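Enquirer: One structure follows; several queries about it will come next.
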Amino acid sequence: MDERDYERLIVDKGIECFVGERRYEVFLYDLSSGGCMIEAPRALLRVGMAIHLRLDEPIEASGQVVWMVGGNAGVRFSQLLHEAVVRHLGFTPSDLPFEEMVPSDRFGRPLPALPPF
């Protein structure tokens with residue numbers, strides 16, 4: 001059983017990571033109020049290292065690398081992100097099977113059916 005302090009949402013987004021004066025492009029996999037997981041194979045990260053992430057303009061967070069597995073790293077934020085920020089950046093996958101999903105716009109309204117070819 002996964003016992004996390006904060007709900008984690010999937011993000012799947014390229015972001016900027018700063019380690020001192022160095023800037024890296026990394027991939028943000030998931031996000032919570034307390035931290036995130038990034039894929040950073042080119043960044044020279046180590047456990048205990050302080051990093052700064054530009055999650056989205058103007059949303060930024062600083063934290064510390066708490067684990068490393070291959071090119072992936074877990075980051076614990078120095079200050080909690082507001083839950084509204086996490087929900088803005090992330091998404092929760094549907095529990096419905098793909099075949100039952102109805103295409104909808106970003107407001108949840110069903111999209112009209114396409115005409116046949």
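Just so it is clear, none of the values below were taken in a lab; they were calculated from the coordinates. Just so you know, these numbers come straight off a predicted model, no measurement behind them. Here the Cβ positions follow ideal geometry from the backbone for every residue, glycine too, while neighbour counts run over all protein chains shown.
Enquirer: In a shell of Cβ-Cβ distance under 14 Å around GLU39, excluding GLU39 itself, what net charge do Lys and Arg (+1) and Asp and Glu (-1) give?
Expert: Value of the local net charge: -2.
Enquirer: Same structure, new question: Sum -39500 (n - 2.57) across every DSSP H segment of at least 4 residues in the chain, then divide by the residue count to get the 222 nm mean residue ellipticity, nearest 500.
Expert: -1500 deg cm²/dmol
Enquirer: Under a Cβ-Cβ cut-off of 13 Å, what is the net charge of the residues other than GLU25 that fall near it, where Lys and Arg count +1 and Asp and Glu count -1?
Expert: Local charge sum for GLU25: +3.
Enquirer: What is the fewest-to-most order of CYS17, CYS36 by other Cβ atoms lying within 10 Å of their Cβ?
Expert: By the 10 Å Cβ count, ascending, the order reads CYS17, CYS36.
Enquirer: Now for a different question. List the residues, sorted by chain then number, that are 5 or more residues from GLY71 or on another chain and whose placed amide H is less than 5 Å from its amide H.
Expert: none
Enquirer: Which three extents, in angstrom, do the Cα atoms of the chain have along their principal axes, listed largest first?
Expert: 55, 34, 28
Enquirer: Averaging the inverse of every distinct alpha carbon separation and then flipping it gives the Kirkwood radius. What is it for region 41-81, in angstrom units?
Expert: Roughly 10.7 Å, rounded to one decimal.
Enquirer: What's the FRET efficiency of GLU7 with PHE117 using the Cβ-Cβ distance as r and R₀ = 35 Å, to the nearest 0.05?
Expert: Calculated transfer efficiency: 0.25.
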